[in-house]
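Asks: Got a structure for you, questions after.
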Amino acid sequence: MASSSSYNPPCAACKFLRRKCIPGCVFSPYFPPEEPQKFANVHKIFGASNVAKLLNELLPHQRDDAVNSLAYEAEARVRDPVYGCIGAITFLQRQVDRLQKELDAANADLIRFACNDVPLQAAQPRPPQEAAGVRNVGFGGGGGGRLYQTGGVQISYDVPWNDIYNSHGGGMDGNN
Amino acid sequence: MAASSSSSSFSKPPCAACKFLRRRCLSGCIFAPYFPPEEPTKFVNVHKIFGASNVSKLLNEIPAHQREDAVNSLTYEAEARLKDPVYGCVGAITILQRQVFTLQRELDATNADIMRFASGTGAPRGSGSGYDDPNSTDYWTGKGQDGGI
């Protein structure tokens, strides 16, 4: 008698929920058994039935991105129960505002230089402020921002938690 | 006639959560301070995405003085997820990150131009600066184009 050569281990969701992982399980393509924490976080914050409803309302090709963003939000909320990923939005918005002001000022300087309104010896560029939103820098928690890939764009920013779930690797990718 | 017989003189209306959940809004209801009855949609959205019991657990784990901020951020996330079921507020993070990247690059380029003026070379951008990202916009003339002010 052949052993179960086609055995599929239960997905992380069904393992967590202690139920049989049937073919066609809505969670199994997105919550592999080797990433148990991903589902644990999503379940804690959103709840399994809410996630299932959400996935069922999406087209199949959208579900991978949806799960990744839910996992990201869930981990952010687990690490920062008060602000979740809104903390990152606030931080980035401040970065955008600051950089825009600096750019406006630099462009104004450049116009003056181009028009020869400012003597050359006074023509010093404004020192570029380090954009913590772009480079990995340490923060109060002692680590760097991790990367989250969505739509091909990597997110790297100073966040109040040490590492963010990287849906594409699961491994640490920051200074932490 | 005792004052207590007057109708609802001293009873507070149920909070939006208890009204939605069709239950009695007790004093000490965890939701009541943050989901007033005049904002029913706020709780509906949060409940739809997170679920009332998850929100209740979360609020119970947070010190009281931080709960309002927590509810506000949950509300924001819930609304973002309802508007964009695929990316939720992570979409906003992506957009902001791109903006930071673009602005930083523009700032670096502008500062480089200023340095060129300061050093006396005065060569404007667009002469081989190599910025060929279609998302970037040259301040002067557009992407990589020769041109003046």
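The values are calculated or read from the model by the stated rules, or taken from the named source; none is laboratory data. Computed from a predicted model, the values in this text were never measured in an experiment. Methodologically, a virtual Cβ is constructed for each residue, glycine included, from the backbone with ideal geometry; neighbour enumeration extends over all protein chains shown.
Asks: Restricting attention to helices (runs of 4 or more DSSP H) lying wholly within the range B:32-83, give those where 1 or more residues are without any contact (Cβ under 8 Å) to a residue 24 or more places away in the chain and under 18 Å from the mean Cα position of the chain (by Cα).
Replies: On the way: elements: B:40-49, B:52-60, B:67-83.
The qualifying helices (runs of 4 or more DSSP H) are B:40-49, B:67-83.
Asks: Is it the case that B:Lys19 is farther than 19 Å from A:Ala74 by Cβ, of a type outside the set (Gly, Ala, Ser) and outside any loop (DSSP other than H, G, I, E, B)? Break it down into steps so the answer makes sense when it comes.
Replies: Numbers: farther than 19 Å from A:Ala74 by Cβ: yes; of a type outside the set (Gly, Ala, Ser): yes; outside any loop (DSSP other than H, G, I, E, B): yes.
In short, yes.
Asks: Could you please let me know if A:Ser69 is crowded, with 20+ Cβ neighbours inside 10 Å and of a type outside the set (Asp, Glu)? Steps first, answer last, please.
Replies: Numbers: crowded, with 20+ Cβ neighbours inside 10 Å: yes; of a type outside the set (Asp, Glu): yes.
Considered against the rule, which asks whether it is crowded, with 20+ Cβ neighbours inside 10 Å and of a type outside the set (Asp, Glu), A:Ser69 comes out as yes.
Asks: If you go through the range B:29-48 one residue at a time, do you hit one that is of a type outside the set (S, T, N, Q) and within 30 Å of A:Leu103 (Cβ to Cβ)?
Replies: No, that holds for no residue.
Asks: Looking for something hydrophobic (A, V, I, L, M, F, W, C), more than 10 Å from chain A (Cβ to nearest Cβ) and either over 18 Å from the mean Cα position of the chain (by Cα) or surrounded by fewer than 20 Cβ atoms within 10 Å (Cβ to Cβ) (or both) - is there at least one such residue anywhere in the range B:85-107?
Replies: no
Asks: For the list (1) at pLDDT 95 or above; (2) crowded, with 21+ Cβ neighbours inside 10 Å; (3) not polar (S, T, N, Q), I need the number of the one condition that A:Asp109 fails.
Replies: (1)
Asks: Another question, if that's okay. Within the bounds of the range A:52-65, is there any residue that is of a type in the set (S, T, N, Q) and exposed (fewer than 15 other Cβ atoms within 10 Å of the Cβ)?
Replies: Checking the range A:52-65: at least one residue is of a type in the set (S, T, N, Q) and exposed (fewer than 15 other Cβ atoms within 10 Å of the Cβ).
Asks: Next up: Tell me, please, whether a residue that is out of contact with any strand residue (DSSP E or B) (no Cβ under 8 Å at 6 or more places or on another chain), among the β-branched types (Val, Ile, Thr) and within 14 Å of another protein chain (Cβ to nearest Cβ) can be found in the range A:7-23.
Replies: Taking every residue of the range A:7-23 in turn, none turns out to be out of contact with any strand residue (DSSP E or B) (no Cβ under 8 Å at 6 or more places or on another chain), among the β-branched types (Val, Ile, Thr) and within 14 Å of another protein chain (Cβ to nearest Cβ).
Asks: Of all the helices (runs of 4 or more DSSP H) wholly in the range A:1-63, which have at least 2 residues that are hydroxyl-bearing (Ser, Thr, Tyr), closer than 22 Å to B:Ser53 by Cβ and modelled with pLDDT of 95 or more?
Replies: Helices (runs of 4 or more DSSP H) meeting the threshold: none at all.
Asks: Taking B:Gly88 as the residue in question, decide whether it is at pLDDT 95 or above and assigned to a loop (DSSP other than H, G, I, E, B).
Replies: So B:Gly88 passes the test.
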